[in-house]
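Shown next, in C-alpha cells, is the structure this report addresses.
Each reported figure results from applying straightforward, stated rules to the coordinates on display, with no laboratory input. None of these values were measured; they are calculated from a predicted model. With ideal geometry, Cβ positions are generated from the backbone for all residues, glycine too; neighbour counts draw on all protein chains shown.
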Amino acid sequence: MLIGFSVLLLFFTIITIFFAIPTSVLSTLHPDELNTLEKIATTLGIKEFNLRNGDPCSLGTLTMMQQVTSVSNPKMKNAIGCDCSLYNNDTCHITSIDLKTLSLPGILPPELADLRYLQRIELCRNYLSGSIPMEWASMPHLTTISVCANNLSGKLPPGLQNFKNLTSLGIEANQFSGPIPDELGNMTKLEKLQLGSNRFTGSLPDSFAKLINLKDFRISDNNFTGIIPGYIGNWFELRELHISASGLKGPIPAVGRLTKLKKLIITGTTGINYFPNITSNAIKTLTLRNVSLYGLIPSYIWSKPELRTLDLSFNKLTGEIHGVRNTPIYTYLTGNELYGDVESSIFLNDKSNIDLSYNNFSWSSSCKDKSNINTYQSSYLKTNLTELLPCAGSVNCTNYQRFLHINCGGDNIVITNSSQHSKITYQADNYKLSAATNQHFKNWGISNTGVFTDDNEGDSEDQYILSTSLSGDSPDIYKTARRSSLSLVYYAFCLENGAYDVKLHFMEIQFYDEELYKRLGRRIFDVYVQGELFLRDFNIKEEANGALKPIMKEKKAVNVSDHMLEIRLYWAGKGTTLIPQRGNYGPLISAISLCHSLEPRCGAENTEHHTKYPLIVGVTIASVTVILSAMGIYAWKRSRGDKNIIERELRAQGLQTLCFTWRQLQAATNNFDEANKLGEGGFGSVFKGELSDGTIIAVKQLSSKSCQGNREFVNEIGMISGLNHPNLVKLYGCCVEKDHLLLVYEYMENNSLALPLFEKGSLKLDWAARQKICLGIARGLAFLHEGSAMRMVHRDIKTTNVLLDADLNAKISDFGLARLHEAEHSHISTKIAGTIGYMAPEYALWGQLTEKADVYSFGVVAMEIVSGKSNTKQQGNVSLINWALTLQQTGDIMDIVDAMLKGEFNNNEAARMIKVALVCINSSPSLRPTMSEVVQMLEGEMEIPQVMSGPGLYGPNWSISKLKDIDTHGSSSKFGVTDHQTTTVKSSASGSNLYPLYPESMILNSTIEFSSSSL
C-alpha cells in the first residue's frame, strides 16, 4: 500500500513539473508594457521598431532597423532585462533597458514611467536631447540612470530629489549648465554620481555633505568655483574621486580618512601644496598632476601594494627618490625639480613605464636609453645637446638645418605644389610609442608621456597613432595623426639659429559624423612653443568648423638661439574622455613644418617639366572630340526633361530616404482621388493614401508649374530626411519620376492645430491637451535648433504648420522654408519668406534670421493655444499679441485664457504658458530665451525672466492689415520712401502647410519693396 502511494505521489510530481515547464517558457511581457515599448521606441527615435519577431523578454532585445548613420560597433548594446517570477510565472515585467552606442536621435522618453518594475535605465552614447523627465520619479524600483554621452542640456532639475531610491546617476558628457541644485543633496541613497564634462558653474552645494553613501564621485571638466569641499573627507565609502579641470581649488580634503579609496585623480588646480596623507592600501591610481605640489615625495607611497598608476607630473616636487620597494607600472614624475642618482636603485626596471623628463637627475656617461624609460631633458646639465638626451650616446651636429617637415603618425610623404612646380617631403613619424617614450632621429625627436586608461583599470587599446581611410580633398598629411594622453613633445635639434615660422597642422579624424554620438566628442588641449603658451584650450573641430576639416596654426618669428626648438602639446583634463569609448582624449596633431626666415622656399624642391608636343597635340584633338560629343549628348538629354537634374540634386544631398514609384503612390491614393484630398498648398495638393502594407500616408504633390518648387522640393527632402524626433513630422520618402515630384509623410489623423483652435465644430482641446501640444512644439524646435545633427531655423512656425496625431501629439511640419543655420554667422540675410503675424520683427523688417526668429513665432503660437484666438485676425485693429501685451501691462493676463475652456484649466500652468509666450515675443532677440530654456520654463524647472515689451512691435507703418491690402498680383508699393535703400519681402512656393487650412490668405504672394529708413 505504501509503495503504491509512493508511486502515485511520484507520478503526480512528474506531471506537475511537466506542466510547470511550459508555463515559465511561455511567460510573455505584460500587454500594457508591450504597448508602452512602442511609444518609448518612437520617442527614442528608433526606426522601424518591430514586435513581430518575438517577445522582447524572450529575445532579450528590441528588434529595430539599424540607424542609417550607424556602423558596426562592438560597443553597441541592445538588451532588455525582464523578471518573469511574479504572478505564477505567467507574466514578465521589464526591469532594465540597456540601449548603448546606438546613436538614437530622439529624447529621453517620459513613457518609461509606465514600466512600473523598471530598475535600470542605460542609454549612454546616443544623441538624445532635452532633459531628464520628472515622470521617472514615480517609478518605485528605479535605482540606476545612466545617460552619459548624449546631447542633454539646460539646468539640472531640482526635481531629481524625488528619485528616492536612486543609487546611481550618470550624466557625464552632456550639455547641462548652471549651478548644481541644493536639492540633489537629498538623494541620500546615491552611491555613484558622475557629473563630469558638462558646463556646471557655481560651488558644490553644502547639502552634498549628506551623500555619505557615495562610492564614485566625478566632477571633472566643468566650470565650478570655490574650493574642494571638506565634507568629502567624511564620505567613508568613497572608492573613486575624479576632480580634473573642474574649476575648484585646494586644499585637498582629509582623504586620509578614506580607507577604501581606490582612485584619487585631481589635476589642474592650485592650493594643494602639501602631499596628502594616503592611508588606503587599496589605492590603485593616484594622480596629483599640475596642482602646485612641492616638497618631497613621501617614501610610504612606494610601499602601496596595489598602486598601479602614480602621476605626480608638472608640480614643484624636489629631493631624491628614497624608499622604493615597488615601482608602479605607470610612474610619471615629469616636470618637477627632482634630483639625485636613480641609475643604481631598483626604481628603474624593465617592467614599469617611467617618465623622468624635465627634472635634474644625475646620469653617468654609460647610461643607455630604454624603450620604457623617458629621460628627455632629465639631466641637471642643460648646456648642450648630449644633456638634452643624456642616455642617447654621442649626438653631434655635422651641419645645421633651416627647415623641417614631419608627417605625424604617418610614413614619408611628398606634397606637390603644381602651381609653383615644387614638392616638399614630410619625414615619417610612424614609430610605435609606449606610455613613457623618447625616440630621436637625425635632427629631431619625440617624447611621449601618458597612457590611455578605461574604467576597468586596464589600458585602452594602444592607439598613439590614428588614421582615417575616408576620402576627401585634404592633403595626405591629414590622413594620419599622433596623439597622447598627457604630454606629447616634438623637438628639433641641429637647427641654424635665427627666427623660424612654425606651422602646426591639425584635423579631427576621430570625433566625426560616422555615428551621431561621435559628434559629441570634444578634444581640448594646450600647445606650447619654446616653452611659451601658444594655444590655450584648443579645440580642433571648433576651430576648423567641423571634423575632417584641416586647419593650420602658425606662429611666426620663433627664436632659436641654442640650435633647438620644442613644441609641446599638453592635456589639462578638459574635454570628453568616453567617446567613442572610455579612454579617448588628449592632444592630436597631423603635421609640423619649421621654416627659417632666410629660407623662403622652406626646403621645397623643383619638379621636372619637359614639354611633350606630340602629347599636347593628342590631348588637344581628344579634347575637341569630347566637347563635340558632349554637345550632342546635352541636346539629347535636354529632351528628357528635368528628371535627371532632380535626381542629381537628391544624390548631392546625400539622402537615404526611401524612393517610391509613381505607380505605388497612384495606387495608394486611388489615382489621387479628390475624395482623398486633404488640402491645397503652394506645392500643389496633399492626398491621403494607404500603402500595400496598410501604412497610412500623406502624399504632398509638387506643382509642376513652379520651377522654384523644384528647388524647394530638394531642399525640403534634404532637411527632413536627416531628422527623427517625436515632435517632427516623419518623412517616409519621395518620388521622382518624369515630371512627378512628391513627398511621402506619416499621416496625421487630427490635421493641423489651427482647426481645433479656430474652426467651429472641430475637435475641442481641453487644457491638458493644449499644455501637451505647446510643450511638444517647444521640444521639436529645441531639437531643430540644438539637438539635430544640423542646426537649422524653421522660418515659418504657425498653427497650420503644427499637425496632430491620433493622441494629439504635436508634430512640426513644412521644412520647405528652412535654411541651414551656419554657426559662424551671427545672422543670415536672405529674402524674407514666411507668414505675416508670426514673423519676428527683426526678420520681417531687416531680414535678420536666427533661431530667435523661431522663438518669436513660437511665442505667437503659444499665445494662440492659450487664448484660442488667431493673431492674423484682428479685432478692432488690435492683434492678439498687442492685446496680450496691453493686458500684461495692466496685470490682467489671465483674461487671455480661452473662454471655451469655461474655467477648467490649471491657473499656474496657464499663467506660466502666457508668461513664456510674452518672453518669447520680446522685441529684442537677445532677450528671448532659447528653445531648450523655453522647454524648462514650461516644465517649471526654470524661472521665467520678467521682461516687459510695449505693444506695436512692428511699428505704425508695418501692420498685418496693411500687408493684407497689398496688391497680390505682383504689384509693389512703397511706404514713405526717403532714400534709395530698399528691402525685399518675397514669399516661397512652399510656404503653405502640409494640410493647408488657409492656402492663400495668410501668405505674402507678392514682392513688396519698402524703404529701410522708414521702418
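With a ≥ b ≥ c taken as the square roots of the eigenvalues of the C-alpha gyration tensor of region 392-535, please select rounded if a/c is under 1.5 and otherwise prolate if a/b is larger than b/c or oblate if it is not? Walk me through the numbers before you get to the answer.
Values: a/c = 1.91, a/b = 1.25, b/c = 1.53.
The shape class here is oblate.
So which aspartates and glutamates pass the test for Lys75, namely a Cα distance under 16 Å, with those fewer than 8 places away in the same chain ruled out?
Excluding near neighbours in sequence, the set is Asp98, Glu122, Asp454, Asp455, Glu461, Glu514, Glu515.
Around Gly130, which amide H atoms from residues at least 5 apart in sequence, or from another chain, sit under 5 Å from its own amide H, with H modelled in the peptide plane?
It is Ser153, by chain and number.
Setting aside same-chain residues fewer than 8 positions from Lys210, which aspartates and glutamates have a Cα under 20 Å from its Cα?
Qualifying aspartates and glutamates at Cα under 20 Å: Asp182, Glu183, Glu191, Glu237, Glu240.
Leaving out same-chain residues fewer than 8 places away, which aspartates and glutamates sit with a Cα under 12 Å from that of Lys574?
Asp221, Asp526, Asp537
How about region 886-917: which trypsin sites (Lys or Arg not before Pro) there are in a DSSP loop, with at most 11 other Cβ atoms within 10 Å of their Cβ? Walk me through the numbers on the way to the answer.
Numbers: sites: Lys902, Arg912, Lys915; in loops: Lys902.
The qualifying sites are Lys902.
Just report the Cα centroid separation between region 256-315 and region 770-800, whole Å.
The distance from the Cα centre of region 256-315 to that of region 770-800 comes to 49 Å.
Loop only per DSSP, at most 15 neighbouring Cβ atoms within 10 Å: give me the trypsin sites (Lys or Arg not before Pro) in region 242-285, ordered by residue number.
Lys260
Give me a comma-separated list of calculated 3J(HN,Hα) values for region 192-203, in order, Karplus coefficients 6.51, -1.76, 1.60 applied at θ = phi - 60°, integers in Hz, x for any Gly or Pro.
Whole-Hz 3J(HN,Hα) from phi for region 192-203: 9, 9, 10, 10, x, 6, 10, 10, 5, 10, x, 9.
How many angstrom separate the Cα center of region 467-512 from the Cα center of region 117-189?
Taking the Cα centre of each part, region 467-512 and region 117-189 sit 39 Å apart.
Pop the C-beta distance of Glu48 and Glu749 into the FRET formula with R0 = 30 Å and round what comes out to the nearest 0.05.
The value I calculate is 0.90.
Looking at this model, which pairs from Lys189/Lys304; Lys479/Lys553; Lys77/Lys772 are more than 26 angstrom apart at the alpha-carbon?
Working: Lys189/Lys304 31 Å; Lys479/Lys553 18 Å; Lys77/Lys772 32 Å.
Listed pairs above 26 Å: Lys189/Lys304; Lys77/Lys772.
Once phi is turned into θ = phi - 60°, what whole-Hz ³J(HN,Hα) does the Karplus curve with 6.51, -1.76 and 1.60 give for every residue of region 285-299, x standing for Gly and Pro?
10, 10, 10, 10, 9, 6, 10, 6, 5, 9, x, 8, 7, x, 5
Please work out whether region 28-369 counts as rounded, prolate or oblate from its C-alpha gyration tensor, where a ≥ b ≥ c are the square roots of the eigenvalues and a/c under 1.5 means rounded, while otherwise a/b larger than b/c means prolate and anything else oblate?
Judged from the Cα gyration tensor, region 28-369 comes out prolate (a/c at least 1.5, a/b above b/c).
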